[in-house]
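Shown next, in structure tokens, is the structure this report addresses.
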Amino acid sequence: QVQLVESGGGLVQAGGSLRLSCAASGRTFASYAMGWFRQAPGKEREFVSTISWSGGSTYYAGSVKGRFTISRDNAKNTVYLQMNSLKPEDTAVYYCAASRLHTDYIREYDYWGQGTQVTVSS
């Protein structure tokens, strides 16, 4: 089992920045890819970004590319999401997840955190 805990969410003004963290515990592997997803009220959970634990490959949704940066610290079993130039439409609950594959396909993610709320005011 892999347990994931997100932190760092909060209220921020449009144009501001926020850094989310996701700490993994339990059984975790360097080969696991990590992803960030988000879900706004009344909407489907959507892909935000993913990073491979080994290899350093990253991928971003078009809506966040150039504004968000995903990174990892394998020594701490932690993945981060640096969010800059935040927009009101970024408001959502943000979830981290772990997958055996480096993918943006939500069905491939087997382990999920409980989420952290990000609210961006106008």
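Listed by chain and number, the lysines whose alpha-carbon sits under 27 Å from that of Lys76, ignoring those within fewer than 8 places in the same chain, are Lys65.
Note on the range 1-20 and the range 37-62: Cα centroid distance 13 Å, given to the nearest whole angstrom. Among beta bridges identified by DSSP and lying wholly in the range 1-115, the antiparallel ones come to about 95 percent. The 1.4 Å probe gives accessible areas that order Glu44, Glu108, Glu6, largest first, as Glu44, Glu108, Glu6.
Between Tyr105, Tyr80, Tyr32, the GNM of the chain built on Cα springs shorter than 10 angstrom shows Tyr105 fluctuating the most. Go ahead and set up a Gaussian network model of the chain, Cα springs under 10 Å, then flag whichever of Gly16, Gly26, Gly42 fluctuates most. Maximum among the listed residues: Gly42.
Each residue was assigned an accessible area with a 1.4 Å probe, and for Thr91 the value is about 40 Å².
Let's test the formula: R0 of 25 Å, r as the Cβ-Cβ distance of Lys76 and Gln13. What FRET efficiency results, to the nearest 0.05? With R0 = 25 Å, the Cβ-Cβ based efficiency is 0.30.
Name the most mobile residue of Arg19, Arg107, Arg72, meaning the one with the largest mean-square fluctuation, in a Gaussian network model of the chain with Cα contacts below 10 Å. Taking springs between Cα atoms under 10 Å, the residue moving most is Arg107.
The values are calculated or read from the model by the stated rules, or taken from the named source; none is laboratory data. Computed from a prediction, not measured in an experiment: that's the story for all the values here. We place every Cβ from the backbone using ideal geometry, glycine too, and count neighbours over all the protein chains shown. The protein model used for the area step is the full one, side chains on, heavy atoms only, and it has no ligands, DNA or RNA in it. Shrake-Rupley method; radii C 1.70, N 1.55, O 1.52, S 1.80 Å.
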